[in-house]
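The values are calculated or read from the model by the stated rules, or taken from the named source; none is laboratory data. Please read all numbers here as calculations on a predicted model, not as lab measurements. So basically every Cβ, Gly included, is an ideal-geometry build from the backbone, and we count neighbours across all protein chains shown.
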Amino acid sequence: MSIDWGSVPDWLAGVGAVSALGFAGVAALAAVRSNRAQQLQVESLRAEQRAGSERERRAEATKLALWVEFEEKEPLIFEGLPHSVSSVVRFSNASSLPLYSVSIVMIGPEGAARVPYNVLAPTSVPRVLPRASRVLHTLVEGHDLGELLAAGRVHLACSFRDSSGLWWVRSHDGRLVEARDQADAENLSGDADRG
């Protein structure tokens, strides 16, 4: 019995088919690796988009600041306050949009108070809140405000709604926390200054 080894063209066709199969396998592996790399890129882009959206969502709210300004040596004189004082409540809204339903929570040795404002407009420079400043004076009456501030016994926090309708709380230590709704924001702003 003799084995028919075929002709040269048969051999060339066989080698070509096996080579094509090998190249197809290599191409398939390259495609799988490329797809994995693209999937990682897409996931990375999505994560960047989520982070960007979060930054955009918080952008307006982060531009609100609230603090007590205390002058130990010379009293301060401000429009809206009946006499010279040694301290005032200041705010800055560096956003280009107003903030709504602002509720400032103040805690001092003589108790706590909530001072509401319907709207705080954008400001180019920090401004005094006369009503909140008057309430602050009642909460620290008879005490040395400088000592109270140094000891951390006077706190300000606020809750507000931005122009997108999102509720936020700025705690006494400057943290910004998103709230579910107005009630949650007011609870958080009160709790933020008790802790």
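Summary table
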{"quantity": "Test: residue in region 117-127 that is part of a strand (DSSP E or B), among the hydrophobic types (A, V, I, L, M, F, W, C) and under 21 Å from GLN182 (Cβ atoms)", "calculated": "yes"}
{"quantity": "Tabulated pairs, region 114-143, first free of Cβ contacts under 8 Å to residues at least 24 places away in the same chain, second assigned to a strand (DSSP E or B) and polar (S, T, N, Q), C-beta under 6 angstrom, 6+ apart or interchain", "calculated": "PRO116/SER103"}
{"quantity": "Which listed residue is at pLDDT below 85, closer than 25 Å to THR123 by Cα, in a helix (DSSP H, G or I) and not assigned by TED's automatic domain parsing to the domain that holds PRO98, from GLU54, GLU43, GLU48", "calculated": "GLU54"}
{"quantity": "Count - residues of region 57-90 that are of a type in the set (Gly, Ala, Ser), touching a Pro at 6+ places or on another chain (Cβ under 8 Å) and at pLDDT 70 or above", "calculated": "1"}
{"quantity": "Any hit, region 137-151, residues being within 15 Å of TRP67 (Cβ to Cβ) and within 23 Å of the chain's Cα centre (by Cα)", "calculated": "no"}
{"quantity": "Test result for HIS143, modelled with pLDDT under 85 and farther than 19 Å from ARG57 by Cβ", "calculated": "yes"}
{"quantity": "Number of positions in region 173-190 that are of a type in the set (A, V, I, L, M, F, W, C) and assigned to a helix (DSSP H, G or I)", "calculated": "3"}
{"quantity": "Among residues of region 134-162, those that are part of a strand (DSSP E or B) and in contact with an Asp or Glu (Cβ under 6 Å, 6 or more places away or on another chain), counted", "calculated": "3"}
{"quantity": "Residue among VAL128, VAL105, VAL119, VAL115 that is in contact with a strand residue (DSSP E or B) (Cβ under 6 Å, 6 or more places away or on another chain) and modelled with pLDDT under 90", "calculated": "VAL128"}
